[in-house]
Amino acid sequence: MTAPPAAGVSDSHRIRESLTRPEAFAELFDEYAAMLYRYISKRVGPEAAEDLVGETFLIAFARRAQFDHGYGDARPWLFGIATKLLSRHHRTEAARYRAIQRAPHEVAVPSPADLVADQVSAEAVRPALARALSKLPRRDRDVLLLIAWGDLSYEEVARSLGIPIGTVRSRMHRARRTLRSMLEPDVRKEAQPWTI
Amino acid sequence: MDDLKLLRELGHTLEHEPPASLVRQRRRLLDAAAGKSGKSRGAWLKRRAGLWAVAAALGTAVVTAVVTVVPTLMFSGGSTSVSAPLGGDRPEKAPGALNVLLVGTDPGAGTQKPSPAESITLVHLPENREKPLLISVPLDLHVSQPECRSGSGAVSPPRTGMINAAFTAGGLPCLWRAVESITRVRIDHALELDYSAFRGVVDALGGVDITLPRAIDAPQVKLVLPAGEHRMNGEQALGYIRLRQEGGGSDAERVKRQQVLIRSLVARAKERILRPAQLTALVEGIREHVKTDSFDALVEVATSLADLEPKNIVSITLPWEPHPSEPGALIPSIKQMDELLAPLRGGRPASPLPTITITRKPQATTTITVRPEAPR
């Protein structure tokens with residue numbers, strides 16, 4: 001599911017160049033700011049997202065000398081920094097999931113391309129999903145959302161968070177078990193008519 | 001349904017598109033890179049080139065406009081259902097230049113009627129037509145809007161609020177008037193187009209040829225295709241330019257895809273131009289999705305833009321600063337805007353600055369964005 005990094009100049013090359021020519025780091029911003037904004041906005045909403053994207057890049061810039069050049073792709077590194085910063089906003093994030101549980105439809109930002117049927121089934125389970133997300137321990141939620149919303153692979157999540165891949169697997173397993181346990185009654189009751 | 005798939009869909013509905021104001025964070029990074037502390041705004045104009053890069057990366061507005069405008073206007077003719085704003089004191093015209101307001105909408109995107117603008121762009125063609133200037137107007141700009149008569153004849157009273165509210169309340173004529181009043185630049189013509197116009201163009205041309213470097217599996221935009229050569233229909237092509245996850249998920253990638261698509265589309269349009277039956281079908285297919293006061297003037301915009309190398313098109317965002325009391329809202333940055341727009345204005349330069357009324361408690365009742373949590 002994870003798309004490979006864009007062809008052309010590798011991130012590793014850009015970061016190395018920025019050591020002598022700091023403004024080259026802006027290329028990394030142009031490439032990934034939009035992607036990070038989308039991910040962060042999903043978790044804490046648009047107000048906090050803008051500043052968090054900026055902080056992520058400022059921290060990345062300050063630590064650019066420590067980038068592991070064994071990997072060409074900077075996305076896991078940036079997501080890792082963003083994840084740490086997001087942990088300071090856990091109250092905002094929790095409030096967001098609570099809001100979905102209270103008023104599942106008002107919070108919806110309609111997405112242009114969703115099929116009608118998808119919308120219906122997804123809407124029916126919104127509160128259950130939000131409930132599962134608020135119940136999950138932060139470390140499990142980080143892994144789950146980096147994969148589902150950040151489109152990272154298991155290996156990339158491991159690199160991102162600096163944990164062994166086995167730990168990513170076990171956290172993901174736990175998180176999905178919680179997710180399914182919250183979904184089950186809903187799926188049986190609500191989503192059945194649209195499932196073929 | 002799969003639990004992860006459901007979670008991804010929830011993610012899609014919670015996601016927000018990067019706002020134009022994200023450029024401020026890039027500036028923060030550049031300031032840090034230059035060893036500066038704090039925020040400096042003075043060098044705004046000098047950083048125009050950098051801003052252009054961000055506009056290209058974040059604002060698909062321009063590309064979308066060109067995608068639709070170019071093939072549409074290669075065949076002039078169509079309905080002229082919009083009239084220029086009447087009455088009031090309009091800014092004076094700068095001789096020789098042509099200023100056109102482009103508004104993009106995506107009626108399929110939401111339930112709000114009329115659908116809000118997805119992009120507002122002021123296109124300035126100088127007298128020699130050599131270096132067009134594309135000025136993106138941030139959608140969350142908080143401005144005072146003059147009284148205005150909409151297309152249907154209803155009069156909206158003067159008020160203060162998001163610029164997009166001028167559009168949702170009074171359509172193109174009211175937005176036209178609002179943008180003139182903020183920028184004090186005379187706008188000669190306006191064009192409103194929706195994404196469906198693009199679909200109509202592609203279908204009328206019998207599809208567009210695209211080579212996919214790898215398979216696409218994106219049922220959320222109705223696009224599931226193997227790698228290789230394809231002739232996409234309108235629906236597929238629309239999905240292809242809307243697609244976000246492909247190619248690392250960056251908007252820069254989306255812009256690249258759009259550019260490839262434009263080239264292919266323009267090539268196809270040139271092939272097809274000689275067949276009268278298809279031409280008629282094309283004009284008919286587009287007509288309902290495009291509103292303008294003058295197709296002739298827009299042919300000129302389209303050809304001017306299409307003939308130029310992208311590097312000769314300067315694209316910037318209207319200078320803005322954070323609203324002093326309204327979190328998330330922006331207000332025009334008068335001094336920088338005056339510096340930037342002075343060459344575009346006609347007549348005597350001595351007229352007073354426009355009044356931007358800032359109320360502590362804005363009266364606007366139209367809610368544009370739904371904010372799930374209380375502002376910080």
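Using the Cβ-Cβ distance between residue B:131 and residue B:211 with R0 set to 56 Å, the FRET efficiency from 1/(1 + (r/R0)^6) comes to roughly 0.95. Pairs B:222/B:291; A:42/B:5; A:42/B:335; B:291/B:335: which are spaced more than 24 Å apart, C-alpha to C-alpha? Going by Cα-Cα distance, B:222/B:291; A:42/B:335; B:291/B:335 fall outside the 24 Å limit.
No lab work stands behind these numbers, since they all come straight from the coordinates. These numbers come from a predicted model, not from an experiment. Every residue, glycine as well, gets a Cβ built from its backbone with ideal geometry; the counts of neighbours run over all protein chains shown.
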